[in-house]
Amino acid sequence: MKNIIGRGAEAVLYKEDSKVLKDRVSKDYRQKDLDTSLRKARTRREAKVLSKLKEIGVPGPELLDMDDKDMRITMSFIDGDKLRDVLCKNPVELSKEIGRKIAKLHANGIVHADLTTSNMILDKEIHFIDFGLSFFSTKEEDKAVDLHLLDRALESKHHEIYKECIQAVLKGYKENYPDAEKVLSRLEKVQKRGRNKKKA
Ligand SMILES: Nc1ncnc2c1ncn2[C@@H]1O[C@H](COP(=O)(O)OP(=O)(O)O)[C@@H](O)[C@H]1O
Ligand SMILES: [Mg+2]
């Protein structure tokens, strides 16, 4: 049986037995060649990063297949709760775990680029999903922006617990990443830039 489990801006997701199929659908508003190359690039990128996760010890779906003609990724199903729905049950510990796991991604040169609590699933531990925008980078700026986006997502979706969460995320991040200080000082600049833009 094939059930739809998600329909985002870019993809339709089906569950089939213990597998998830992620089909990147075409978008009418994009010029056709551009649409094809974007979908192809994101499908490949997601597959490439998923295949790295196990090696670096970050929990996520296991890549089972990638087809860049059908624009489909097949991966294992993670049976758990969307972190967005359960973060408030244990905000500090869960946020610290998020921080430790982002640290591991960054230490291995992976920037997720869409860190929100909708892209995390809590099974026995937190799994990251949705690597379609992710990329490899060693730049502090890219890592700082990754954290900044999570900061924004936490403030907007978890307003009441935002402060304790972001503090714990950064604590976990520092604990697990020798280069954290450099990224965090960059993060301050990124956030200052954001505030100035708001004022202008
Ligand atoms: N491997 C997976 N296991 C379980 N659920 C998944 C998995 N991948 C995606 N999902 C579910 O489908 C939703 C959309 O998938 P996602 O990869 O985030 O695509 P989108 O780009 O549309 O946000 C997720 O929020 C999650 O609920
Ligand atoms: Mg998503």
Next item on the list: For residue 99, state whether it is surrounded by 15 or more Cβ atoms within 10 Å (Cβ to Cβ), closer than 15 Å to residue 59 by Cα and more than 16 Å from ligand 2 (Cβ to nearest atom).
Entry: yes
Expected single match for within 16 Å of ligand 2 (Cβ to nearest atom), in contact with a Gly (Cβ under 8 Å, 6 or more places away or on another chain), β-branched (Val, Ile, Thr) and at pLDDT 95 or above among 129, 73 is 129
Conditions (1) within 16 Å of ligand 2 (Cβ to nearest atom); (2) assigned to a strand (DSSP E or B); (3) free of Cβ contacts under 8 Å to residues at least 40 places away in the same chain -> residue 85 fails only (2)
Residues that are more than 16 Å from ligand 2 (Cβ to nearest atom), over 20 Å from residue 122 (Cα atoms), over 20 Å from the mean Cα position of the chain (by Cα) and without any contact (Cβ under 8 Å) to a residue 40 or more places away in the chain: does the stretch 40-52 have at least one?
no
Q. Are any of the residues in the stretch 4-20 away from ligand 1 (no atom under 14 Å from the Cβ) and over 16 Å from residue 130 (Cβ atoms)?
A. no
Taking the stretch 88-130 and the residues there that are assigned to a strand (DSSP E or B) and in contact (Cβ under 8 Å) with a residue 40 or more places away in the chain, the one that is nearest to ligand 1 (Cβ to nearest atom) would be 121
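The values are calculated or read from the model by the stated rules, or taken from the named source; none is laboratory data. These numbers were taken from a predicted model, which means no experiment stands behind them. Cβ: placed from backbone, ideal geometry, glycine included. Neighbour counts: every protein chain shown.
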